[in-house]
Amino acid sequence: MNDPLEIKPVVDSSIEENKSLETPTNAVESDLAQVEAVQAVVEAISVEEILPPLEPLPIVGEVLSEETSAIPLVEASIPKEEVEASPVVEGVSPDRLSPVELVERLSVLVQGDAIENVRKEVDQIKLSFYKIRKSFVDKLRKNFLAEGGQEVDFLAPIDELEERLKVFLQTFKEKKAVLKAEDEKNKEKNLEAKKGIIEQLKNLIESQDDFYKVHQEFRRLQQVWKDIKHIPQASVNDIWKEYQLHTEKFYDLLKINNEMRDYDFRKNLELKLVLCDNVEKLAAEPDVMSAFYQLQKFHQDWREIGPVSRELRDEIWDRFKNASTVVNKRHQDHFDVLRDAEQKNLEEKTLICEELEGIDCTALLAFRAWEEKSKRVFALQEQWKHFGFAPKKQNIKIFERYRSACDVFFQKKSDFFKHIKQDMDVNLEKKKELCEKVEAFKDSENWKEASEQFVALQREWKTIGAVSRKYSDSVWKRFIGACDHFFERKNTHFASQKGEEQENMILKKDIIEKVKALDTSLNANQAIAELKQMMSQWNAVGFVPFKEKDKLYKEYKEAVDSHFDRLKVDESERRLQSFRSNINAVAGGERSQNKLLGERERLMRTHDHLKGDIQTYENNMGFLSVSSKDGGGLVKEMTRKIDNLKSELDLIVKKIDMIDNNLDQEK
């Protein structure tokens, strides 16, 4: 069985030119099939295929199917009028028109009669409209999310202009179908006309009239034959063979004037030599497809030129045939490469589909697990974009499989987060109950018992999960407000003497002097160990007078930072050391648990906020194209922001762990 894309010789080399110039029937048929397939692909673009980020339309190479078993030698080519389409609204490109103008322009084009001449412009209008429509929907989605909405709840509004556009496109498609039917009728009429010419040729061969009249009638019939254009593809070869047979009989059987015969042969030879030169030049044409289609035109010209002298027929035909074979071989090699690339793309896309389908969503039970798996899905989607088309028969199927696997994953992710929302509502009710309990104890003067109650309630608060961001701050302020009210009353009741604060101030000033006087000759490890010891001493000292607190801490921090800068201590580690000092100071004072829990709650809110920002940036990266004009710079900038946010998130996690360790030690 021949390969579907095998390039066969243009004609059968075993047949002499003076007998027939044959072209494979299936080759002629395949050319029109290829043109119609390209048109069908463009017409098949639906509204639903333009709005999502789907695969681009197949190229000509992708349209070729197993029925394309030979090189098409076209008698029907794409009309020149289709290339030279009418201008778009007085020279304005569809990309510069508004949606209303696009629809109005489409209505004018559809109502006209030159349907074939405006097909390219209609396609441009359709793509421009949906490009504007997608941009508008994306903006609505962005505003919806900015106002606090969930992406799964967003629904794009119905566009009446879009409905009108669909009606006009359907009308355009119907008119094209009518036009195609009329074209088929004309082809049948042309076929009958050519059959009539063949009958006249038969009669002319048998005619006994004057040679001059017979020859003039023969020339007239040849011109009429050339003027008749397309006929049904199924009859192209048979009708041409019969015409060529009787044409050659006219030259061979009639005893025509030798001088006239030789003149015709010379003129035909000159024309065929020019065609041979042109076909040989096609071997250097860089555009393989352009060379192929030019070759079809040259073959059509060859068939319209009459025979040459018998002694030169084989020689001139072999030259023309060999030059054509070179062009055909390049065309075959071109599609072999395309076919191999498409098969490779199919294999890669199949692997992506298998990985997407293999995701076990039942094992994703936490936010982090869903986020990690979502990152992998986004990475697979990026890989998909880098692969081209698959073979035509599998291209739509593999895309539908990929789209289905993605939809299943994101639907299950949406269901998970809806369930989490219900859990947040339950957590909110639990925290409200705790608020009512602390408010009942906030005015108690039974300090010991009330303190134990507050500690127990704060511990219980810690075990309750997160609530919706809409209520998080308000319910926390209500809870911490009642706690602060109680412990402030307790601190006032058990206020210590200010003399102790003065002593603490002297101790902290001594520590500052020790830090400043730290021996710079120590190596890094020794110096850091000394600094940590001094920082621990600083944290062990109690409160100082309120008015001196900020001044002392600023002087202390500058002294410590000067050594950290000298020792080139990482900024994150420095911040963590400073936070540890603050936590230790809080842990040694009054209401330590209350303050630690408050700080932990604040850090948790910051943690959730950073995670949300990271997810937003990563989602936005999925809509950027590195190949676009500004896409590469935006991707780099977003990557830098994401890395910074992740570093900050890691520091927040370490701080939360540090607070948890202090709370566990107090227990």
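The values are calculated or read from the model by the stated rules, or taken from the named source; none is laboratory data. Bear in mind the structure is a predicted one, so any value in this text is a computation, not a measurement. Heads up, the Cβs are rebuilt from the backbone with ideal geometry, glycines too, and the neighbour counts pull from every protein chain shown.
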Within the stretch 102-109, is there a residue that is at pLDDT 80 or above, touching a Lys or Arg at 6+ places or on another chain (Cβ under 7 Å), surrounded by 12 or more Cβ atoms within 10 Å (Cβ to Cβ) and over 30 Å from Val236 (Cβ atoms)? yes
Single condition Lys249 does not satisfy, out of (1) under 56 Å from the mean Cα position of the chain (by Cα); (2) within 22 Å of Trp225 (Cβ to Cβ); (3) in a helix (DSSP H, G or I): (1)
On the basis of being surrounded by 13 or more Cβ atoms within 10 Å (Cβ to Cβ), among the basic types (Lys, Arg) and assigned to a helix (DSSP H, G or I), does Lys349 make the cut? yes
For the stretch 516-536, enumerate the residues that are among the acidic types (Asp, Glu) and either in contact with a helix residue (DSSP H, G or I) (Cβ under 6 Å, 6 or more places away or on another chain) or assigned to a loop (DSSP other than H, G, I, E, B) (or both). Asp519
Quickly run through the stretch 430-481 and pick out the residues that are more than 45 Å from the chain's Cα centre (by Cα), exposed (fewer than 15 other Cβ atoms within 10 Å of the Cβ) and among the β-branched types (Val, Ile, Thr). none
So, in the stretch 488-518, how many residues would count as being of a type outside the set (A, V, I, L, M, F, W, C) and modelled with pLDDT under 80? 12
Selected residue (criterion: farthest from Cys361 (Cα to Cα)) from residues of the stretch 373-413 that are among the small types (Gly, Ala, Ser) and free of Cβ contacts under 8 Å to residues at least 24 places away in the same chain: Ala379
Take the residues of the stretch 363-378 that are crowded, with 17+ Cβ neighbours inside 10 Å and of a type in the set (A, V, I, L, M): which is nearest to Tyr402 (Cα to Cα)? Val377
His419: passes all of (1) crowded, with 16+ Cβ neighbours inside 10 Å; (2) at pLDDT below 85; (3) within 25 Å of Asp153 (Cβ to Cβ) but (1)
Any residue at all in the stretch 138-161 that's polar (S, T, N, Q), out of contact with any helix residue (DSSP H, G or I) (no Cβ under 7 Å at 6 or more places or on another chain), at pLDDT below 85 and assigned to a loop (DSSP other than H, G, I, E, B)? yes
Only one of (1) at pLDDT below 85; (2) surrounded by 16 or more Cβ atoms within 10 Å (Cβ to Cβ) is not met by Phe129, so which one is it? (1)
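From Glu151, Glu182, Glu147, Glu160, grab the single residue that is surrounded by 11 or more Cβ atoms within 10 Å (Cβ to Cβ) and among the charged types (D, E, K, R). Spell out how you get there, then give the answer.
Details: Glu182 fails: surrounded by 11 or more Cβ atoms within 10 Å (Cβ to Cβ); Glu147 fails: surrounded by 11 or more Cβ atoms within 10 Å (Cβ to Cβ); Glu160 fails: surrounded by 11 or more Cβ atoms within 10 Å (Cβ to Cβ).
So the residue among Glu151, Glu182, Glu147, Glu160 that is surrounded by 11 or more Cβ atoms within 10 Å (Cβ to Cβ) and among the charged types (D, E, K, R) is Glu151.
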Which residue pairs have Cβ atoms under 8 Å apart, sit 6 or more places apart or on different chains, and have a first residue in the stretch 324-347 that is in contact (Cβ under 8 Å) with a residue 24 or more places away in the chain and on the phi > 0 side of the Ramachandran plot and a second that is of a type in the set (Phe, Trp, Tyr) and crowded, with 17+ Cβ neighbours inside 10 Å? none
All-but-one check, Ile256 against (1) touching a helix residue (DSSP H, G or I) at 6+ places or on another chain (Cβ under 7 Å); (2) at pLDDT 85 or above; (3) not in a helix (DSSP H, G or I), failing number (2)
Exception for Val308 within (1) part of a helix (DSSP H, G or I); (2) surrounded by 15 or more Cβ atoms within 10 Å (Cβ to Cβ) falls at (1)
